[in-house]
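Comments concern the structure below.
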Amino acid sequence: MENSINDIKKIILKHDYQITHTLSIGKKWPKYFPFDQSDISENICQNLSSLFPDGLFLHQAYAIKKFKDGNNICISTSTASGKSLIFYILSIERLIQNPKARILAIYPLKSLGFEQTERWQEFLNKSSLNMKAGRIDGNINMQERLNILKTSNVLIMTPDIIHAWLFRNISDPTVINFLQNLEIVVVDEVHHYSGVFGSNSSFLFRRLNHFLNMLNSKYKYITASATISNPEIHLQNLFGISFLIIDSKYDASPQYPIDIYLLNPLEETDIMTSISNLLREISQSTSKKFITFVDSRKQTEYISTILSRTQKHTNREPNELDDEFIIYDKEQTINNLEILPYRAGYEENDRKEIQKKLTCGDISGVISTSALELGLDIPNLSIAVLVGVPYSSTSFYQRIGRIGRKQKGTVLIINNKTIASKSVFRNPENLLNLPLNESALYLENEYIQYIHAMCLCRQEGEHQKVNDYLGFDKELNFKSQIIWPKGFIELCEKEESGSIPANLQMMKSQCADNPNIIFPLRDIGQQYRIKVNMPGNNDDKGDLSLSQLMREAYPGAVYYYATKPYRVTKVRRKEHLVEVRPEKYIFTKPIILPTQIYPNLDNTRIKQSIRYNDLVLIECDLQVHETIIGFLEKRGNKEKKFSFPLTGEQSLYYKEKYFSNTFFTTGVLLFHPSFDETYAQYNLLSDILYEAFLLTIPFERNDLNFGFGKLKKSKEILCQGQKFICLLDQNYGSLRLSSRLLDEEIFKRVVRKMEDLANSEIQYELTTQSRDAIINIDHCLKVGREEDIFSDQDEIIVSDDEIKIIAPGSIGINQKNSNKEFLVSNFFYHHKYGFVYNGQYKNWDSGDDSILIAYNDLLEIPGETEFALFNPNTNEIKKIVI
């Protein structure tokens, strides 16, 4: 073992990395509990004794006892601590007691479900039970699903298939019978249920509980999780019920020692090329299997692509991806690469093939996003390479928990110059004491709520279908024993009565009475499919969200899928489709304008407002515009700029001036006179605020963003033109994660972090005025805190015979057409369409102002849109100023 460690050190030094610090995690010895003293039936003990001659770990025996005492339990112990064995034992005991009972095992990813199906079946067989474990996911034929549901004692599913298929078919007798006999619900990796996916899943679990209660099912939950902050609160929010937590203080599982090396690359090297060289050397010069974690899908593909080219062309440097590499090598497939990428969004067959090679040890290593942080069991991994330091200890221990399961492990952490990495490299002792993940669930998001209100309470919805089965009156209003989040019952009642708010009507029109399919759990909006558009080739190449589309698959971008490049030729926004063609090995980067932030400071849109002397913080609704104006294209050492519109070079066409995304969210604005000083860099201050917040509360980076701007109109104590910095939620509709900034203690900690970063991070190159701005904010916190600082005055008074409209000559956004900016020419009553605007889209040069948009579809841009009053009796338009 010592020789192999020395070999790794030689490779590190050969590739010009400096080992700046070494840490160790020591070996932990197991503590066992005898089977004959456990609370397990005798016949199961006999089978288990041959499989586990030393007995159970103490935490396993304790969890089994507490579940049998009537508790919903959550096992929150270390990776590879035998959590799944607890699932198996308790489920098998229940099946022995009642062969008609059903077990539902829910895993957050299909990859986990695929692996765990075999493990469940293996354990059923070893227990001498003639019972079946079945799996249903999106790749199981529709005709087979009901038969699997009918014949399986243990059902393995993802939340996605429960939402999109099981509940959509809830009136089927097989589904009803399954739910009536459901006695144990297993939910693994519950810390993964965060952000949009977690918030959607919290309503899914409540829908499940609602149906089980209606059908008088007797059910309990067994869950498992990595360590997170405030697990009791997270579980209560996620399921709406209470759990007993079996945490690390009960953990008696063993652990092999792990050596951790902190590595600094040379300043002048390209870090992606440097990492690729290091991984190639480990693959070629050692027999060690490794896993590398990166923080984005693009990095996964970038490194894997460089490695894939050098595997095919070993006489070339890895960064020479120039024109001599013609259209991708058709012979290059997942089957003949030694190092593979792994990320969300791959097609099922490709994902299965990668997973199979991982578990069989047929490859040297894998480059992965956080997708492999979860409990996929990959044997024989001994090296973990972390490109950058994770923000939370939850993520850190999940990543290094993939190795050292059967032997001593080695962890290489590469300083990728992010704020989190540089902070730990300055103070290495902090690595093992990073903050825990925070639960990022916000259950009052109206858009998320409405997805589930439609599923439950639309005409012929899920609730009515179960009511019909039970023979209840169809006219009964929605009632439930479940404690739902605030506002949800009222929204269900509006859906039943057909009186949904105007801002949700677009979602209603999108779903066509099929919200379970149209609105997936992992994004509030629909996913975009990537499809090759060539004669004889229309293969699917994965899917992505709108935010991923803006980073990876905008018009003209080169999108990478499993190391192969594809050029985006067309984005069909209405069809949620991206057309691509095979391309050369080129890398592209979007040219993005600064994010435009439009705060809505109407009194009804302000969530909270706080004042510390001259410092004002406001949480409010925001309209956010992200705009791409072109892209940079890199071929080898050559770089070229493309600007929109694209007019045919390289057969690329795009007629609009920019590719944009407008979404509605919330955020926290900070105003201080220091920001208005001539040399105060409020753009950099917003970046520092963002980094300091994430170092204090380690939410997922993609769930939050930052921005800056000038106030478009005055608001009592605030003046038009006054500068602000902003922390905002990146999710459409908002999860209100940024609202944590208004917690006084958290804000004080964030400001201290801002001061630390201003003094330690030379990359910001702050002026004296910028540093003074942070100091002035800190001074403001030493005075009293004043809340609800704005009055309740009305902004506009509209008489009964007038309509408030967007004024001709002003702009709004069309919520029915990708939130495009629209320049209004006129407003009138149309005999067919009712009240309409006419005009043209702002980024078109067509000169055609005959486009009609319905009155309710055109929304204002806060602070930018001008208004008028329209009198339908006289057709008079009277411009107003607010």
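The values are calculated or read from the model by the stated rules, or taken from the named source; none is laboratory data. Small disclaimer: the values here were computed from a predicted structure and weren't measured. Reconstructed Cβ throughout: ideal geometry from the backbone, glycine too, with neighbour counts over all protein chains shown. The protein model used for the area step is the full one, side chains on, heavy atoms only, and it has no ligands, DNA or RNA in it. Shrake-Rupley method; radii C 1.70, N 1.55, O 1.52, S 1.80 Å.
Can you compute the charge dipole magnitude of the chain about its Cα centre, using +1 on each Lys and Arg Cβ and -1 on each Asp and Glu Cβ, nothing else charged? Give it in debye, rounded to the nearest 20.
On the way: 101 positive and 110 negative charges, 465 e Å.
It works out to roughly 2240 debye.
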- Query: Does region 10-142 come out rounded, prolate or oblate by the C-alpha gyration tensor, with a ≥ b ≥ c the root eigenvalues, rounded set by a/c under 1.5 and, if not, prolate when a/b is larger than b/c and oblate if not?
  - Reply: oblate
- Query: At a Förster radius of 22 Å, what calculated FRET efficiency corresponds to the Cβ-Cβ distance of GLU232 and ASP39, to the nearest 0.05?
  - Reply: 0.40
- Given charges at Cβ of Lys, Arg, Asp, Glu: the chain dipole, positive-most of GLN510, LEU689, PRO555: PRO555
- Query: What spacing in nm lies between the two simple spin-label points modelled at MET506 and ASN702, each 7 Å away from Cα in the Cβ direction?
  - Reply: 2.2
- Note on the structure: Excluding ligands, DNA and RNA, the carbon-plus-sulfur percentage of the accessible area of region 147-248 with a 1.4 Å probe reads 44
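Give a quick list of chymotrypsin sites (Phe, Trp or Tyr not before Pro) in region 661-722 that DSSP marks as loop, anything other than H, G, I, E or B, with at most 15 other Cβ atoms within 10 Å. Can you show the working numbers first?
Numbers: sites: PHE663, PHE664, PHE671, PHE675, TYR679, TYR682, TYR690, PHE693, PHE699, PHE706, PHE708; in loops: TYR679, PHE699.
Taking region 661-722 and a limit of 15 other Cβ atoms within 10 Å, the loop chymotrypsin sites (Phe, Trp or Tyr not before Pro) found are TYR679.
About the Cα centre of region 542-643, how large is the charge dipole given +1 on each Lys and Arg Cβ and -1 on each Asp and Glu Cβ? Please answer in debye to the nearest 20. Don't skip to the end; give the middle numbers.
Numbers: 18 positive and 12 negative charges, 141 e Å.
Magnitude of the dipole: close to 680 debye.
Find how much the distance from THR359 to ASN856 grows on full extension, using 0.36 nm per residue of separation minus their present alpha carbon separation; answer in nm with one decimal. Could the numbers behind the result be given before it?
Values: separation 497, 0.36 × 497 = 178.92 nm, distance 5.40 nm.
Stretched fully, the THR359-ASN856 segment lengthens by 173.5 nm.
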- Just the number, please: carbon plus sulfur as a percent of the accessible area of region 516-616, 1.4 Å probe, no ligands or DNA/RNA counted. 45
- Query: Taking square-rooted eigenvalues a ≥ b ≥ c of the alpha carbon gyration tensor, is region 816-882 rounded, prolate or oblate, where a/c under 1.5 means rounded and, failing that, a/b exceeding b/c means prolate?
  - Reply: oblate
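Determine the order of ASP772, ASP54 by accessible area, beginning with the largest, at a probe radius of 1.4 Å. Could you put the intermediate results ahead of the total?
Details: ASP772 70, ASP54 100 Å².
Sorted by accessible area, descending: ASP54, ASP772.
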- Note on the structure: Quick calc: nm separation of the 7 Å Cα→Cβ label points for GLN18 and ILE483 -> 5.5
- Leaving ligands, DNA and RNA out of it, report the carbon-plus-sulfur percent of the accessible area of region 635-767 at a 1.4 Å probe. 44
- So, with points 7 Å from each Cα along the Cβ direction, the THR174-PHE52 label distance in nm works out to 3.4
- Message: Using alpha carbons only, how many angstrom separate the centre of region 559-608 from the centre of region 1-61?
- Response: 44
- Message: For Cα extents along the principal axes in Å, one of [x] 106, 92, 59; [y] 89, 74, 68; [z] 93, 63, 55 was computed from the structure I shared and the rest are decoys. Which label?
- Response: [y]
- Task: Rounded to the nearest 500, what is the 222 nm mean residue ellipticity of the chain from helices alone, with -39500 (n - 2.57) per DSSP H run of 4+ residues and division by all residues?
- Result: -9500 deg cm²/dmol
- Ordering of 833-841, 399-407 by packing [mean C-beta count within 10 Å, highest first]: 399-407, 833-841
- List the cysteines of the chain that have no other Cys Cβ closer than 4.7 Å: which are they? CYS45, CYS74, CYS360, CYS455, CYS511, CYS620, CYS719, CYS726, CYS780
- Solvent-accessible surface ranking, highest first, for TRP844, TRP29, TRP484 at 1.4 angstrom: TRP29, TRP844, TRP484
- Using a Förster distance of 35 Å, the FRET efficiency for LYS10-GLN97 (Cβ separation, nearest 0.05): 0.05
- Difference of contour (0.36 nm per residue) and Cα-Cα distance, GLU460 to SER242: 75.3 nm
- Task: Name the residue farthest towards the positive end of the dipole of the chain from the options CYS45, ALA164, CYS492, assuming +1 on Cβ of Lys and Arg, -1 on Cβ of Asp and Glu, about the Cα centre.
- Result: CYS45
- Task: For an R0 of 56 angstrom, estimate the FRET efficiency from the Cβ-Cβ distance between GLU786 and GLU118 and round to the nearest 0.05.
- Result: 0.40
- Task: Go through SER201, LEU266, HIS15 and say which Cα lies farthest out towards the positive end of the charge dipole of the chain; charges sit on Cβ, +1 for Lys and Arg, -1 for Asp and Glu.
- Result: HIS15
- Item | Residues of region 856-882 with amide N under 20 Å of the 7 Å Cα→Cβ point at LYS713 | 856-871, 877-882
- Query: Residues of the chain: accessible area per residue at 1.4 Å, in Å²?
  - Reply: 42
- Note on the structure: Expressed in angstrom and ordered largest first, the alpha-carbon extents of region 47-96 along the principal axes are 30, 29, 14
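Rank these residues by their accessible area, most exposed first, probe 1.4 Å: THR647, THR394. The partial results should precede the final answer.
On the way: THR647 120, THR394 5 Å².
The residues order as THR647, THR394, largest area first.
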- Message: For a test of the definition: using alpha carbon positions, the gyration tensor, and the 1.5 limit on a/c, classify region 195-254 as rounded, prolate or oblate.
- Response: oblate
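Could you give the size of the charge dipole of region 387-442 about its Cα centre, using +1 on the Cβ of each K and R and -1 on the Cβ of each D and E, expressed in debye and rounded to the nearest 20? All intermediate terms of the calculation are to be shown ahead of the outcome.
Values: 8 positive and 2 negative charges, 67 e Å.
For region 387-442, the charge dipole is close to 320 debye.
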- Item | Amide H partners (placed H, <5 Å) of HIS21, local residues excluded | LEU262
